[in-house]
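The values are calculated or read from the model by the stated rules, or taken from the named source; none is laboratory data. In this text, all values refer to a predicted model and were calculated from it rather than measured experimentally. Backbone-built Cβ (ideal geometry, glycine too); neighbour counts: all protein chains shown. Surface accessibility is based on the protein's heavy atoms, side chains included, excluding ligands, DNA and RNA. Shrake-Rupley method; radii C 1.70, N 1.55, O 1.52, S 1.80 Å.
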Amino acid sequence: MLKVGLTGGIGAGKSEVSRLLVECGAVLIDADRIAREVVAPGTPGLAAVVEAFGEEVLTEDGSLDRPKLGSIVFADPDRLAVLNSIVHPLVGARSRELEEAAAEDAVVIHDVPLLTENGLAPLYDVVVVVDAASETQLDRLVRLRGMTEEDARARMAAQATREKRREIADIVIDNDVPLEELQRRVKDVWDELVRRAHGAQGSRWPRSSQE
């Protein structure tokens with residue numbers, strides 16, 4: 001099994017890269033999706049979030065109001081740390097369960113938005129960073145996700161810098177390109193990952209870049 005950590009700044013296109021890797025044959029463990037599961041209605045995770053932040057972070061049907069919670073924590077590093085202390089252990093435990101269920105020769109992609117921020121690079125055989133210019137990230141967040149520019153900039157500022165992410169990368173996929181070019185770059189990365197999965201284990205790759 002090859003354990004790959006996939007990360008990138010918000011709006012860089014990491015979700016599209018993970019989708020393309022799944023099309024190639026990867027097993028995807030999506031930390032964001034799991035983070036939603038562990039705070040679903042009726043879970044201990046949601047109860048812990050409500051205890052920490054109050055019932056104002058719930059919608060009328062009792063589910064988590066993610067935009068409301070986001071507006072609270074992304075403007076306050078201390079409150080963000082509280083949220084992370086609740087959610088991250090739950091996500092980690094569920095991710096390990098899914099990894100253990102994968103085939104021995106699988107390429108397992110861990111889609112982890114905060115891989116850099118939480119110092120998780122040593123957990124993976126290979127770290128792939130999806131990178132894009134800050135202007136590209138901002139445009140995607142405002143135009144495609146409907147965020148205000150203020151909210152988008154706050155989300156970006158709460159994450160590691162592009163330089164910090166690239167420092168921990170074994171492979172960088174630059175995504176200031178059209179989809180067709182991104183597809184080509186991801187296929188090249190997939191071929192490399194498959195070769196690594198079928199080769200010698202135990203050593204990290206030299207840094208490379210898909211540019």
* To do: For the range 80-119, compute Rh as the Kirkwood radius over C-alpha pairs and then the Stokes-Einstein diffusion coefficient at 25 °C and 0.890 mPa s; write the answer in µm²/s, rounded to an integer.
  => 212
* For residue 145, what accessible area in Å² do you get when you roll a 1.4 Å probe over the heavy atoms of the protein chains, rounding to the nearest 10? -> 140
* Structure fact -> The computed P(r) of the range 1-88 puts the percent of Cα pairs beyond 23 Å at 35
* To do: Between residue 63 and residue 176, with labels modelled 7 Å along Cα→Cβ, what's the label distance in nm to one decimal, could you check?
  => 3.7
* Structure fact -> Between residue 98 and residue 80, the two model label points (7 Å from Cα along the beta-carbon direction) sit apart by a distance in nm of 2.3
* **Cα extents of the range 34-139 along the three principal axes, largest first (Å)** => 44, 38, 23
* Structure fact -> Here the gain from full extension of residue 24 to residue 161, 0.36 nm per residue of separation minus their alpha-carbon distance, amounts to 46.4 nm
* Keeping every protein chain in place, order 17, 27 by accessible area at 1.4 Å, biggest value first, i.e. largest first. => 27, 17
